[in-house]
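The values are calculated or read from the model by the stated rules, or taken from the named source; none is laboratory data. Quick caveat, the model's predicted, so the values are computed rather than measured. Glycine gets a Cβ as well: all are built from the backbone with ideal geometry, and neighbour counts include every protein chain shown.
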Amino acid sequence: MLANLRGAVLPLSRAMASGRAMSETEGASATLIQSTRKGFARDLSVGSINYMACPELIRNLGLGDRFDAHRFRMLHPDGKHLIAHWFERAWSKRGCASEESFEPFIFCWIALNGWAACCTELDQDRQWLDALIESPEVRRRFETLLEGSEEIRQIAERFRSYWPVFKAQELRRLGALAYWHGDRPQTIDHYLRAGARQLSPDCWLRHHAAHEDVPLDFPHTAVALYRVRCNLFHGDKAPHSEVDRILVSTSFRLLAEFLNSWDLLR
């Protein structure tokens, strides 16, 4: 379904040819990447916007300049309607009970998939996700969203309280997947003792060892949302800890509010 959606909403023309020269921004990013390869954070600066992101979060570097929200506004009406339709189905359920949030989360993710693929002109999930993570505009929008609403910030804080989100497939392989729902720190400790190391945000173990909070910013939130998505799309259908209804409902609300800030329904 996701592959078909991407094909339906991507613009017919590409902004870049396969043999294009490296842009000034990409060249600067490449220099920064090489100079900080062994560091704990990378400067994802574009223009006058500077911020640090943990290197574990980004798999495809140098994509920050690929995001352009204007592409969605210029998208063919049929493609725009398709994305807006999925998001409207999700947005209309934003007040649903936590146990009813699984389907709206999926609708919301499909809308995100189409919108992000359109705005970045990138097909693969991790490519457009990294382009969003590296985009100062996207990061700034997320920060503004949390600063402008105490309710949304509380949702984000609650979502962070569930971090890290573990890869359900690894937990099954280890024979450690828990089907209880309750004390999250106890669940995290159980998985770590079992040897689970595939988790999101990917830098959580380092922050935890340093006794510091994981930043509540877009890069860390995005990779945690993506892990919830993967566990839902590819994991067990039984309600195990990594698709806990509170975890999924907070993921859904936060993702829906983020997408709504880009006026997908206008």
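Given (1) crowded, with 19+ Cβ neighbours inside 10 Å; (2) of a type outside the set (Val, Ile, Thr); (3) over 21 Å from PRO104 (Cα atoms); (4) under 13 Å from the mean Cα position of the chain (by Cα), identify the lone condition not met by LEU199.
(4)
List the residue pairs whose Cβ atoms are under 6 Å apart, where the first residue sits in segment 197-217 and is closer than 16 Å to GLU157 by Cα, the second is surrounded by 17 or more Cβ atoms within 10 Å (Cβ to Cβ) and among the basic types (Lys, Arg), and the two are 6 or more positions apart or on different chains.
SER200/ARG227; LEU216/ARG160
Please give the number of the condition ILE133 fails out of (1) among the β-branched types (Val, Ile, Thr); (2) modelled with pLDDT of 95 or more; (3) over 15 Å from the mean Cα position of the chain (by Cα).
Status for ILE133: all satisfied but (3).
Write out, first by first residue and then by second, each pair whose Cβ atoms fall under 9 Å of each other, whose residues are 6+ apart or on separate chains, and whose first residue, in segment 143-154, is more than 17 Å from PHE252 (Cβ to Cβ) while the second is among the charged types (D, E, K, R) and surrounded by 14 or more Cβ atoms within 10 Å (Cβ to Cβ).
Every condition considered, the pairs that remain are GLU143/ASP217; GLU147/ARG153.
Among (1) basic (Lys, Arg); (2) out of contact with any Leu (no Cβ under 9 Å at 6 or more places or on another chain); (3) modelled with pLDDT of 95 or more, where does ARG227 come up short?
Failing condition for ARG227: (2).
Out of the residues in segment 155-179 meeting the condition of being within 24 Å of ALA209 (Cβ to Cβ), outside any helix (DSSP H, G or I) and of a type in the set (A, V, I, L, M), tell me which one is nearest to the chain's Cα centre (by Cα).
Within segment 155-179, the match that is nearest to the chain's Cα centre (by Cα) is VAL165.
In the set LEU132, LEU145, LEU112, which member is under 13 Å from ALA256 (Cα atoms) and touching a Ser or Thr at 6+ places or on another chain (Cβ under 8 Å)? Reasoning before the result, please.
Working: LEU132 fails: under 13 Å from ALA256 (Cα atoms); LEU112 fails: touching a Ser or Thr at 6+ places or on another chain (Cβ under 8 Å).
LEU145 is the lone residue from the list that is under 13 Å from ALA256 (Cα atoms) and touching a Ser or Thr at 6+ places or on another chain (Cβ under 8 Å).
When you go through LEU177, LEU192 one by one, which is the residue that is farther than 28 Å from LEU63 by Cβ, surrounded by 14 or more Cβ atoms within 10 Å (Cβ to Cβ) and modelled with pLDDT of 95 or more? Step through it out loud before you land on a result.
Values: LEU177 fails: modelled with pLDDT of 95 or more.
Result: LEU192 is the single residue among LEU177, LEU192 that is farther than 28 Å from LEU63 by Cβ, surrounded by 14 or more Cβ atoms within 10 Å (Cβ to Cβ) and modelled with pLDDT of 95 or more.
In the set SER92, SER98, which member is modelled with pLDDT under 95, out of contact with any Asp or Glu (no Cβ under 8 Å at 6 or more places or on another chain) and either closer than 20 Å to SER251 by Cβ or not aromatic (Phe, Trp, Tyr) (or both)? Let's see the steps before the verdict.
Details: SER92 fails: modelled with pLDDT under 95.
Going through SER92, SER98 in turn, the sole match is SER98.
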